[in-house]
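Colleague: Please find one structure pasted underneath; my questions will follow.
The values are calculated or read from the model by the stated rules, or taken from the named source; none is laboratory data. Because the structure is a prediction, the values reported are computed rather than measured. Here the Cβ positions follow ideal geometry from the backbone for every residue, glycine too, while neighbour counts run over all protein chains shown. Heads up: the accessible areas ignore ligands, DNA and RNA and are worked out on the full protein's heavy atoms, side chains in. Shrake-Rupley method; radii C 1.70, N 1.55, O 1.52, S 1.80 Å.
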Amino acid sequence: MKSVLKIFGSLILAEILTLFINLTLSFSGHLLLRMVCTVCTCSILAGLCGQAGYSTAEAHRKQHLSLKKLQISGLGFISSLPFLICWILLLSARQNIISAEFYRSYKLLCAPFLNLCNMFSTDVSALTLPVSGLITLLIVSFLPMLAFCTAYYMTVHGKLAEQVMYRS
């Protein structure tokens, strides 16, 4: 239960930070600035989810608790779940099952991907979002899971990021 709370706390913090960055830098419509902002906001999301994975693994290691790979993947999936639910709703809006205006809400609910959304379509209607944009948003929805599971695995197996990054 503590692990899930850490994950959701990290997601809320990432949402607040990335929304602040996006709203601060939204004055420019240049593609280069949108790309840089997207990299920054996705990095914040990945970093905070990685931190949640690290702290969860540290707590489990101190308690001599070992989780199976499926359980670790389940915790990682929980970190991606809000983005996947929003993506399913976005797909429903694209298919006119719910209001196509949901795209505006999607951009705010999934703040780390706001500029990525704007690169595909600046309109507020999901009907203008191309299929390639929809697929890309699905793929990046798994970024929190990847960050969480990678950090958890590296921490449990005693590998420090410095050892992996700075190999000679």
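Colleague: Among GLN63, LEU109, ILE12, pick out the residue whose Cα is farthest towards the positive end of the charge dipole of the chain, where Lys and Arg carry +1 and Asp and Glu carry -1 on C-beta, about the Cα centre.
Modeller: Farthest towards the positive end: GLN63.
Colleague: Highest GNM mean-square fluctuation, the chain, Cα pairs closer than 10 Å: which of LEU33, LEU109, LEU75?
Modeller: Most flexible of the set in this elastic network: LEU33.
Colleague: Considering the options THR128, CYS49, LEU23, tell which one lies farthest towards the positive end of the dipole of the chain, charges being +1 on Lys and Arg and -1 on Asp and Glu at the Cβ, about the Cα centre.
Modeller: CYS49
Colleague: Taking all protein chains as present, what is the carbon and sulfur share of the accessible area of the chain, in % to the nearest whole number, probe 1.4 Å? Walk me through the numbers before you get to the answer.
Modeller: Values: 6740 of 9580 Å².
The C+S portion of the solvent-accessible surface of the chain is 70 percent.
Colleague: Using a 1.4 angstrom probe with every protein chain in place, what is the largest-first accessible-area order of PHE113, PHE102?
Modeller: PHE102, PHE113
Colleague: Send over a whole-number figure in Å² for the accessible area per residue of the chain, probe 1.4 Å. Don't skip to the answer; put the middle values down first.
Modeller: Working: 9580 Å² over 168 residues.
Heavy-atom SASA per residue in the chain reads 57 Å².
Colleague: At 1.4 Å probe size, put ILE16, ILE97 in order of accessible surface, largest to smallest. Could you put the intermediate results ahead of the total?
Modeller: Details: ILE16 105, ILE97 130 Å².
In descending accessible area the options line up as ILE97, ILE16.
Colleague: Quick check on the chain: helices-only [θ] at 222 nm, where DSSP H runs of length 4 and up contribute -39,500 (n - 2.57) each and the sum goes over total residues. Nearest 500, please. Numbers along the way, then the final one.
Modeller: Working: 8 runs with 125 residues, N = 168.
The helix contribution divided over the chain gives -24500 deg cm²/dmol.
Colleague: Can you count the Lys pairs in the chain whose Cα atoms are under 28 Å apart, with each pair 8 or more apart or on different chains?
Modeller: Value for the chain: 12.
Colleague: Assuming R0 = 35 Å, can you tell me the calculated FRET efficiency for the pair MET1 and HIS30, based on Cβ-Cβ distance, to the nearest 0.05?
Modeller: On the way: r = 44 Å, r/R0 = 1.27.
According to the calculation, E is roughly 0.20.
Colleague: So what are the ³J(HN,Hα) numbers for the range 134-149, from phi and the Karplus equation (6.51, -1.76, 1.60; θ = phi - 60°), rounded to whole Hz, Gly and Pro as x?
Modeller: Computed from phi, the couplings for the range 134-149 are 5, 5, 4, 5, 5, 5, 6, 5, 8, 4, x, 5, 4, 5, 4, 5 Hz.
Colleague: Next up: I'd like the Karplus ³J(HN,Hα) series for the range 62-72: coefficients 6.51, -1.76, 1.60, θ = phi - 60°, whole numbers in Hz, and an x wherever there's a Gly or Pro.
Modeller: Listing the rounded values in order: 5, 8, 6, 9, 10, 9, 6, 4, 5, 5, 5 Hz.
Colleague: Just how far, in whole angstrom, is the range 111-157 from the range 65-91 if you go by their alpha carbon centroids?
Modeller: If you average the Cα positions of each part, the centres end up 13 Å apart.
Colleague: Sticking with this one: Under 1.5 on a/c is rounded, so check that first for the range 1-101, then, if it is not, pick prolate when a/b is larger than b/c and oblate when it is not; a ≥ b ≥ c are the square roots of the alpha carbon gyration tensor eigenvalues. Walk me through the numbers before you get to the answer.
Modeller: Numbers: a/c = 2.96, a/b = 1.54, b/c = 1.93.
Since a/c reaches 1.5 but b/c is at least a/b, the shape of the range 1-101 is classed as oblate.
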